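The values are calculated or read from the model by the stated rules, or taken from the named source; none is laboratory data. Model, not experiment: these values are computed from the prediction. Cβ coordinates were reconstructed from backbone atoms using ideal geometry, including for glycine residues, and neighbour counts include every protein chain displayed. Heads up: the accessible areas ignore ligands, DNA and RNA and are worked out on the full protein's heavy atoms, side chains in. Shrake-Rupley method; radii C 1.70, N 1.55, O 1.52, S 1.80 Å.
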Amino acid sequence: MNWIGIIVPFIAVSVIGGCVGRPLLHPAPIRKPLQTIRPYNIAHRGSNGELPEETLAAYRRAVQEGADFIESDILASKDGVLLCFHDLTLDNTTDVANHKQFAHRKRSYQVQGVNSTGWFVVDFTFEELKLLRVKQRFGFRDQQYNGKFSLITFEEFISVALHAKRVVGIYPEIKNPVFINQHVKWSDGKKFEDKFMEALKKYGYKGSYMSKEWLKQPVFIQSFAPTSLTYIANLTDLPKVLLIADPPTRTEDTNQSFFEITSDSYFNFINKYVVGIGPSKAAILPSIDNHLSETSSTGLVAKAHAHGLQVHPYTFQNEYLFLTFNFKQDPYEEYDFWINKIEVDGLFTDFAGSLHNFQEWTSEKGN
């Protein structure tokens with residue numbers, strides 16, 4: 001008897017039959033990697049020039065428009081939920097004033113030595129915050145989306161990046177950590193910075209700058225508070241960026257002046273903890289009568305680069321109110337100046353699509 005003629009077809013049928021009803025395992029799609037050949041396009045609070053800031057819609061629009069990183073400010077609610085929101089008060093960018101049930105929640109607190117009054121994020125649970133609707137910060141921007149979007153959590157923000165069809169980085173800020181740690185207490189005794197890092201670790205963010213792990217899920221951690229950055233340096237090797245405000249402003253936690261935190265000695269200290277700085281444009285090149293003059297440069301970019309630090313200035317905005325006369329009301333001229341003359345390494349922009357278009361049109365290699 002020809003056993004081979006019987007066995008081989010039997011094996012073949014068994015193998016095929018064994019696959020029936022089983023899902024075929026497809027490899028995860030290979031996503032287009034993060035571009036690293038030109039300055040980073042950092043979508044400041046999402047594409048907030050077009051849509052209300054720090055909303056899912058603004059972040060998704062920024063991804064569609066070509067942002068390399070989506071940026072968010074992270075605060076905490078009364079019940080310890082980490083959320084995406086810039087101001088400590090809800091007054092300017094939500095409809096909280098229209099909610100009569102919250103009228104009695106208005107408070108006054110000391111914030112960095114200044115008495116501030118309003119509806120503070122830390123006096124609301126996240127369930128209550130979800131009842132509010134977000135509105136556009138500036139009256140000269142599109143108002144048609146006011147009231148359409150709610151506040152989102154840090155985890156929802158992360159999800160936007162992880163579900164993008166290409167690799168998109170995140171750029172979260174540990175916002176007002178001194179104030180948050182004073183007013184929000186977690187039952188496990190941990191503090192704001194610990195909870196912030198727990199969220200990143202939960203979603204697999206790890207690795208030093210430009211490592212394989214980092215390139216898979218890129219992130220920069222930013223803060224105006226040096227002690228927050230040095231604290232989390234013991235928790236992660238993810239890249240960190242020290243934010244620097246306009247020269248008159250002192251740091252919220254260490255009360256250091258602009259000149260102290262931009263000195264050579266301080267850069268020697270901080271570059272053990274951070275890979276870069278995120279200064280305001282005025283901290284690099286102040287304007288005089290709405291004109292920029294390179295003779296008024298603080299030399300901050302050259303100094304930072306000499307210490308091996310990247311420079312990611314903020315904030316680039318298309319409207320004429322934010323453009324100095326040098327650029328003749330043309331945001332592309334401003335991008336050209338800061339990228340090719342000042343030689344910054346990344347730009348925080350309210351209009352990610354504009355920056356992406358400029359870089360596509362002027363880059364020899366493209367994206």
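Key figures
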item: Some residue of the range 34-50 being surrounded by fewer than 24 Cβ atoms within 10 Å (Cβ to Cβ), under 26 Å from residue 346 (Cα atoms) and among the polar types (S, T, N, Q); result: yes
item: Residue 222, sole failed condition from (1) open to solvent by less than 10 Å² (accessible area, probe 1.4 Å); (2) in a loop (DSSP other than H, G, I, E, B); result: (2)
item: Enumeration of residues in the range 303-325 that are over 23 Å from residue 363 (Cα atoms), open to solvent by 40 Å² or more (accessible area, probe 1.4 Å) and part of a helix (DSSP H, G or I); result: 303, 306, 320, 321, 322, 325
item: Filter result (surrounded by 16 or more Cβ atoms within 10 Å (Cβ to Cβ), over 18 Å from the mean Cα position of the chain (by Cα) and not hydrophobic (A, V, I, L, M, F, W, C)) within the range 137-161; result: 141, 145
item: Residues located in the range 276-298, provided they are exposed (fewer than 14 other Cβ atoms within 10 Å of the Cβ) and of a type in the set (A, V, I, L, M); result: 288
item: Check on residue 143, under 20 Å from residue 62 (Cα atoms), among the polar types (S, T, N, Q) and touching a residue at least 24 places away in the same chain (Cβ under 8 Å); result: no
item: Enumeration of residues in the range 52-80 that are part of a loop (DSSP other than H, G, I, E, B) and over 19 Å from residue 126 (Cβ atoms); result: 65, 66, 67, 68
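Residue by residue, here is whether (1) in contact with a strand residue (DSSP E or B) (Cβ under 9 Å, 6 or more places away or on another chain); (2) assigned to a helix (DSSP H, G or I); (3) open to solvent by less than 10 Å² (accessible area, probe 1.4 Å); (4) free of Cβ contacts under 8 Å to residues at least 60 places away in the same chain holds:
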position: 189; (1), (2), (3), (4): no, no, no, yes
position: 195; (1), (2), (3), (4): yes, yes, no, no
position: 200; (1), (2), (3), (4): yes, yes, yes, yes
position: 204; (1), (2), (3), (4): no, no, no, yes
position: 210; (1), (2), (3), (4): no, no, no, no
position: 215; (1), (2), (3), (4): no, yes, no, no
position: 229; (1), (2), (3), (4): yes, yes, yes, yes
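Yes/no matrix, rows are residues, columns are (1) assigned to a helix (DSSP H, G or I); (2) within 23 Å of residue 71 (Cα to Cα); (3) open to solvent by 70 Å² or more (accessible area, probe 1.4 Å):
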| site | (1), (2), (3) |
| --- | --- |
| 243 | no, yes, no |
| 255 | no, no, yes |
| 268 | yes, no, yes |
| 274 | no, yes, no |
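This table checks each residue for (1) under 25 Å from residue 275 (Cβ atoms); (2) among the hydrophobic types (A, V, I, L, M, F, W, C); (3) open to solvent by 20 Å² or more (accessible area, probe 1.4 Å); (4) not in a strand (DSSP E or B).
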residue: 337; (1), (2), (3), (4): yes, yes, yes, yes
residue: 344; (1), (2), (3), (4): yes, yes, no, yes
residue: 348; (1), (2), (3), (4): yes, yes, no, no
residue: 358; (1), (2), (3), (4): yes, yes, no, yes
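Quick grid of which residues meet (1) among the β-branched types (Val, Ile, Thr); (2) surrounded by 13 or more Cβ atoms within 10 Å (Cβ to Cβ):
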| site | (1), (2) |
| --- | --- |
| 80 | no, yes |
| 83 | no, yes |
| 86 | no, yes |
| 94 | yes, yes |
| 98 | no, no |
| 109 | no, yes |
| 114 | yes, no |
| 121 | yes, yes |
| 124 | no, yes |
